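Read the structure below first, then the notes.
The values are calculated or read from the model by the stated rules, or taken from the named source; none is laboratory data. It should be emphasised that the depicted structure is a prediction, and the values quoted were computed from it without experimental measurement. Don't worry about glycine lacking a Cβ; one is built from the backbone with ideal geometry, like all the others, and counts go over all protein chains shown.
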Amino acid sequence: MTSQLSLCAQEIRKNDHDHFLCGLFAPQDRQNDFFAIQFFYTETLRIRDAVSEAQLGLIRLQWWRDLVDGIYSGQRSTEAENGTHQEFAQTLARGTIDQALFDRYFNARSFDMEDRPHDDLAALLRYCEATGGLIAQIKEAAIGYKPHEAALKIGTANAICYIIRTLAHQSRIARSKLPLSLIKKHNLDMNGFYKFESSPELKNIVKELVDEMERLIAQARTEGATPNAVLLNTVSLEDYLKRLKKVDYDPFNPHIGQGRLSKQIKLAFKAWRNRY
């Protein structure tokens with residue numbers, strides 16, 4: 001099967017199994033486009049963690065911005081790119097994605113290089129919408145759907161989920177993404193957090209973030225969107241939330257698990273019933 005997958009699909013299968021499964025439910029002639037956009041998102045999402053200095057991260061982000069601008073302006077040829085970058089460029093060259101979505105995405109993603117948390121929950125939600133939310137709409141356009149408000153909300157919830165799931169990593173590198181207002185509200189001891197210490201205060205913050213995720217998913221389901229591979233991400237999101245609640249919202253708990261088999265079954269069932 002691997003030999004039949006695009007290079008981007010192989011990378012997503014290896015590093016992001018949940019979205020790989022979702023991508024398999026995209027129209028067959030657009031699956032490569034789904035995986036190309038997801039690859040782009042994964043690469044830009046991890047830029048700050050991949051560099052030693054924020055300035056180097058800005059340079060990498062600018063490289064991606066130049067690639068996107070070059071393809072849209074016609075100044076860069078898809079044939080001039082190699083491997084996964086060529087597959088991404090070919091997806092852009094189809095002309096189904098509004099470049100303005102990428103412009104907004106890059107502007108929001110650059111915040112990662114500032115090495116500081118958001119001031120409050122509202123600011124965090126705006127950031128998650130402009131990153132995870134927009135990339136969900138970009139993927140919808142890539143696979144032949146009109147970008148929908150439901151995708152924006154589910155993508156925003158996915159970005160919040162990523163922040164929760166990476167709290168252990170944030171603890172290790174002493175760079176928190178938790179909003180300052182929630183830290184203050186729940187009186188979280190950041191010294192303890194950076195020592196990988198769980199606490200009732202941390203769990204209360206996580207619960208607030210979970211509440212926001214559930215609100216966004218519930219709202220997305222009232223939008224009346226046509227179910228598609230992008231919206232099926234609700235399956236993995238809700239599966240993670242279920243397992244997180246079982247460990248009392250402790251993001252450091254090693255027993256949260258992955259739940260791969262159950263997610264595959266739920267995903268197939270949702271797709272069969274044409275729901276998300």
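Looking across the stretch 164-182 at every residue that is in contact with a helix residue (DSSP H, G or I) (Cβ under 7 Å, 6 or more places away or on another chain) and not basic (Lys, Arg), the one that is farthest from Gly257 (Cα to Cα) is identified as Ser181.
Are any of the residues in the stretch 107-114 out of contact with any strand residue (DSSP E or B) (no Cβ under 9 Å at 6 or more places or on another chain), among the aromatic types (Phe, Trp, Tyr) and buried (at least 21 other Cβ atoms within 10 Å of the Cβ)? Working first, answer last.
Applying the first criterion (out of contact with any strand residue (DSSP E or B) (no Cβ under 9 Å at 6 or more places or on another chain)) to the stretch 107-114 yields 107-114.
Remaining after also requiring among the aromatic types (Phe, Trp, Tyr): 111.
Then keep just the ones that are buried (at least 21 other Cβ atoms within 10 Å of the Cβ); that gives none.
No: zero hits.
Taking every residue in the stretch 150-165 that is farther than 20 Å from Phe196 by Cα and modelled with pLDDT of 95 or more and pairing it with any residue that is assigned to a helix (DSSP H, G or I) and hydroxyl-bearing (Ser, Thr, Tyr), at least 6 positions away or on another chain, the pairs with Cβ-Cβ distances below 7 Å are Ile154/Thr234; Ala159/Thr131.
Filtering Arg76, Arg60 for residues that are outside any helix (DSSP H, G or I) and either of a type outside the set (A, V, I, L, M) or out of contact with any strand residue (DSSP E or B) (no Cβ under 6 Å at 6 or more places or on another chain) (or both) leaves a single hit, Arg76.
Among the candidates Thr91, Thr78, which residue alone is surrounded by 17 or more Cβ atoms within 10 Å (Cβ to Cβ) and more than 27 Å from Leu178 (Cα to Cα)? Spell out how you get there, then give the answer.
Values: Thr78 fails: surrounded by 17 or more Cβ atoms within 10 Å (Cβ to Cβ).
The match here is Thr91.
With the requirement that a residue be in a loop (DSSP other than H, G, I, E, B) and more than 24 Å from Ile135 (Cβ to Cβ), what does the stretch 245-255 give you?
We begin by selecting, within the stretch 245-255, every residue in a loop (DSSP other than H, G, I, E, B); these are 247-255.
Across the stretch 245-255, the qualifying residues are Val247, Asp248, Tyr249, Asp250, Phe252, Asn253, Pro254, His255.
Out of Thr222, Thr234, Thr226, one residue alone is without any contact (Cβ under 8 Å) to a residue 60 or more places away in the chain and either among the β-branched types (Val, Ile, Thr) or surrounded by fewer than 20 Cβ atoms within 10 Å (Cβ to Cβ) (or both). It is Thr222. Among the residues of the stretch 185-204, those that are hydrophobic (A, V, I, L, M, F, W, C) and out of contact with any Phe, Trp or Tyr (no Cβ under 9 Å at 6 or more places or on another chain) comprise Leu188, Met190, Phe193.
Within the stretch 26-64, can you find the residues that are surrounded by fewer than 19 Cβ atoms within 10 Å (Cβ to Cβ) and either among the basic types (Lys, Arg) or on the phi > 0 side of the Ramachandran plot (or both)? Correct list: Arg46, Arg60.
Just checking: which of the helices (runs of 4 or more DSSP H) contained wholly in the stretch 134-244 hold 2 or more residues that are of a type outside the set (Lys, Arg) and either over 27 Å from Arg48 (Cα atoms) or under 15 Å from the mean Cα position of the chain (by Cα) (or both)?
Counting at least 2 such residues, we get 134-142, 149-165, 200-220.
Each row is one residue, and each column tells you yes or no for (1) in a loop (DSSP other than H, G, I, E, B); (2) over 20 Å from the mean Cα position of the chain (by Cα); (3) without any contact (Cβ under 8 Å) to a residue 24 or more places away in the chain.
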site: Phe20; (1), (2), (3): no, no, yes
site: Asp29; (1), (2), (3): no, yes, yes
site: Phe34; (1), (2), (3): no, no, no
site: Arg65; (1), (2), (3): no, no, no
site: Leu92; (1), (2), (3): no, no, no
site: Arg104; (1), (2), (3): no, no, no
site: Asp112; (1), (2), (3): no, no, no
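One line per residue, one yes/no per condition, for (1) in contact with a His (Cβ under 7 Å, 6 or more places away or on another chain); (2) free of Cβ contacts under 8 Å to residues at least 24 places away in the same chain; (3) not basic (Lys, Arg):
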{"residue": "Glu214", "(1), (2), (3)": "no, no, yes"}
{"residue": "Ala218", "(1), (2), (3)": "no, yes, yes"}
{"residue": "Ile256", "(1), (2), (3)": "no, yes, yes"}
{"residue": "Lys263", "(1), (2), (3)": "no, no, no"}
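Restricting attention to the stretch 36-63 and to residues that are touching a residue at least 60 places away in the same chain (Cβ under 8 Å) and hydroxyl-bearing (Ser, Thr, Tyr), the residue that is farthest from Arg94 (Cα to Cα) turns out to be Thr44.
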